[in-house]
1. Which ones in the stretch 224-272 are open to solvent by less than 10 Å² (accessible area, probe 1.4 Å) and of a type in the set (D, E, K, R)?
2. Being assigned to a loop (DSSP other than H, G, I, E, B) and either within 24 Å of residue 78 (Cβ to Cβ) or touching a residue at least 12 places away in the same chain (Cβ under 8 Å) (or both), is that true of even one residue in the stretch 269-282?
3. Can you tell me how many residues within the stretch 273-284 are β-branched (Val, Ile, Thr) and either buried (at least 20 other Cβ atoms within 10 Å of the Cβ) or over 19 Å from residue 171 (Cα atoms) (or both)?
4. Yes or no: the stretch 85-93 includes at least one residue that is surrounded by fewer than 17 Cβ atoms within 10 Å (Cβ to Cβ) and either among the acidic types (Asp, Glu) or over 22 Å from residue 184 (Cβ atoms) (or both).
5. Regarding the stretch 64-79, can at least one residue be identified that is within 27 Å of residue 175 (Cβ to Cβ) and open to solvent by less than 20 Å² (accessible area, probe 1.4 Å)?
6. Consider residue 43 carefully, then state whether it is modelled with pLDDT under 95 and of a type in the set (Ser, Thr, Tyr).
7. Of all residues in the stretch 94-120, count the ones that are open to solvent by less than 10 Å² (accessible area, probe 1.4 Å) and among the acidic types (Asp, Glu).
8. Quickly run through the stretch 164-195 and pick out the residues that are in contact (Cβ under 8 Å) with a residue 24 or more places away in the chain, farther than 16 Å from residue 220 by Cα and aliphatic (A, V, I, L, M).
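The values are calculated or read from the model by the stated rules, or taken from the named source; none is laboratory data. Keep in mind the model is a prediction, meaning the values are calculated, not measured. No Cβ is skipped: glycine too gets one built from the backbone with ideal geometry, and neighbour counts run over all protein chains shown. These area figures cover heavy atoms from the full protein model, side chains too; ligands, DNA and RNA do not enter into them. Shrake-Rupley method; radii C 1.70, N 1.55, O 1.52, S 1.80 Å.
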Amino acid sequence: MSGAIWAIRTIGDEAAEAKEYGECEGENVRLLGIDVGGTAIKSAIVETETGTLCDARQRVATPQPATPEALAEALIRQIALHGWQGAVGIGFPAAIQHGVARTAANIDAAFIDLPVADYFSQATGCPCFVANDADAAGTAEMRFGAGHGHAGSEGGVVLIVTIGTGLGTAVFSGGRLLPNTELGHIFLDNGAEAERYASETVRVTRALGWRSWGGRLNRYLCMMERLLWPDLIILGGGVSARLYKFAPMLTLRAPVVAASFLNSAGIVGAALMAETNLLSGADA
């Protein structure tokens, strides 16, 4: 197991929800964060000073097909559920370059080259700031979660892998994000695309046991380690709460830990990235 370390979290979904949903008081900035995935859309109001969710997390199924029109309608409903008026941060399953989607992972191809930030802003009537979903999740973990303390100039390289419908990645070096890495789409040494071989969807649809699936994930993570040599690997997504079930299959040199925010990292990170854009004066 090459000295790897695993931080094991065994709390259930209800306990996680209770832990992360707290009272938000004072004059701290609050923003609505929305995490758009290939399977579900999750949202909550976030206090950006602490990363605390200020209201109950809402979750709905992602419309199929996930066209621009269908997702815009879903976002309008999510915003209404929170009674929200104001800026919105959106983590989105695509490479986002200056507000424009350049890829479309697990959503409709009509999003490619669409200025999604402008499109969602016009559709919802709220200023929308859009970022890659894994980058958003990674930002939350680096600010408040498992990556906290690895953000300095000597912090080295941190790799965050979000495991869900696909495999999302975020890479930080010295605390600085390299955006839109999309390393879940690399091809492994067996010829398989990584996210079609080792995602949570693959585990569920193929009814793979934890050891069998853990071996697949290990194959992917070992390739990432050979390419990036991270000092820390953080696993996110709902499956991260079950790290103890597949940890024995991991043979990495780097420590491997579960994301502190589990399945809410994308929500928190989307709000944080929206705040950063607001403070910089960027247009939605």
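1. Within the stretch 224-272, no residue meets the criteria.
2. Yes, that holds for at least one residue.
3. Number of matching residues: 0.
4. Checked against the condition, which is being surrounded by fewer than 17 Cβ atoms within 10 Å (Cβ to Cβ) and either among the acidic types (Asp, Glu) or over 22 Å from residue 184 (Cβ atoms) (or both), the stretch 85-93 yields at least one hit.
5. no
6. no
7. 0
8. The answer is 177, and nothing else.
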